1. When all C-alpha to C-alpha distances in region 249-295 are sorted into bins of 5 Å, what percent of pairs does each bin hold, rounded to whole numbers?
2. Once Cα Rg over 2.2 N^0.38 Å is worked out from the coordinates, which option in (1) 1.01; (2) 1.06; (3) 1.29 does it equal?
3. Relative contact order for the chain: what is it in percent, counting Cα pairs under 8 Å that are at least 6 residues apart?
4. Would you report the distance distribution of C-alpha pairs in region 44-159 as whole percents per 5 angstrom bin, up to the bin with the largest distance?
5. For the pair E229 and E274, how long in nm is the line joining their label points, each one 7 Å along Cα→Cβ?
6. Given a cut-off of under 8 Å on Cα pairs at least six residues apart, what relative contact order in percent is computed for region 1-169?
7. Pop a pseudo-label 7 angstrom from the Cα along the beta-carbon direction at both L6 and H63 and give the gap in nm to one decimal.
8. Could you put V268, V198 in order, starting from the residue whose Cβ has the fewest other Cβ atoms within 10 Å?
Amino acid sequence: MTASHLKPFEVCDFINDNDIRGRVFNYWTEGGAIAFGQKPDPETGQVPLKLFMDGRAQAAYNHETFRLWQLIHSGGPAVQQAQIKGKKITSEILKDSGQWIDTQLKERDVWVVLMPQTQSNSTFMRALKQLDNWKTAYIDDTQHLLVDTDTPQGKALIERILADTAAFPDAFSKQLTTATVIIETKDSNRFKELYDLVSGAFEEQLSPTAASTLIRFSGIPTFREKIAEFFQQYLDGLQKNKEAYRKTDGFGLRLKSAIIAARFLARVRPDAGEYMDQAKQFQSELEQISAEGIW
């Protein structure tokens, strides 16, 4: 019931090892885990990266603070007005929302945002990604940390990532984060490394996030066929060894990655129907595993 497999263990190592200090806008139910994962000051006991909110929201915070967290996380007035009027949340509305969120965070000296990957498609994250100043500084399959590059500390951290001097808990997060930063900053000096970084991250750890990142730059002709070949080899290997993989940890991640791979190949290869059938098969198996795992 603690969902410990999703908690921010590795990202807290990243926070500690890079001495990230200040204030973070975090998902409120993960606040306790983020505080627990940090190294507190030996004299004061305080954590260096202060939380916006934690899981004691209604008990340890006044009601206005909790309502403010909800308003910021929901996307603010632009999104609320669109929802009231039954309008679709367009990119223009998201940009207005992002600018409003940015102002709210700056007024409160927040330069770090940390959200679980389950929030990756939330209005809040989609709105922030509309802005040029909020960049990924850490990403893995469970957590996504962004920093405001309008601040000196945010800009410096991104520069350290691009210079390979930032500390990471493992090769997987280092490769995946570095590739994402290259994409988001449009760093032409390291552009040629993208495929090797993301495919390397995927080989380090079976990762739906890495698979999605590969697709993120598949529109570039230089990489498209290499990515298609990579995914084809992955699907072939999965089909060949599925029964053996089924008995090992991480089989669900293999299936999630396979769904992403098959759907991509359905778009770029002639046998679209065959690949979509594979994706449906993998989805069905994943749902069966999930149903059997509920207790």
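Where a number appears in this text, it was derived from the coordinates with a stated rule and is not lab data. The structure presented is a predicted model; accordingly, all values stated were derived computationally and were not measured. Using ideal geometry, Cβ is built from the backbone for each residue, glycine included, and neighbour counts are taken over all protein chains shown.
1. 5, 25, 26, 19, 12, 7, 4, 1, 0
2. The calculated read-out lines up with (2).
3. The value is 12 percent.
4. Result, from short to long distances: 2, 11, 19, 22, 21, 15, 7, 2, 1, 0 percent.
5. 1.9
6. Working: 238 pairs, mean separation 39.4, N = 169.
Across region 1-169, relative contact order equals 23 percent.
7. Reported label-point gap for L6 and H63 is 2.9 nm.
8. By the 10 Å Cβ count, ascending, the order reads V268, V198.
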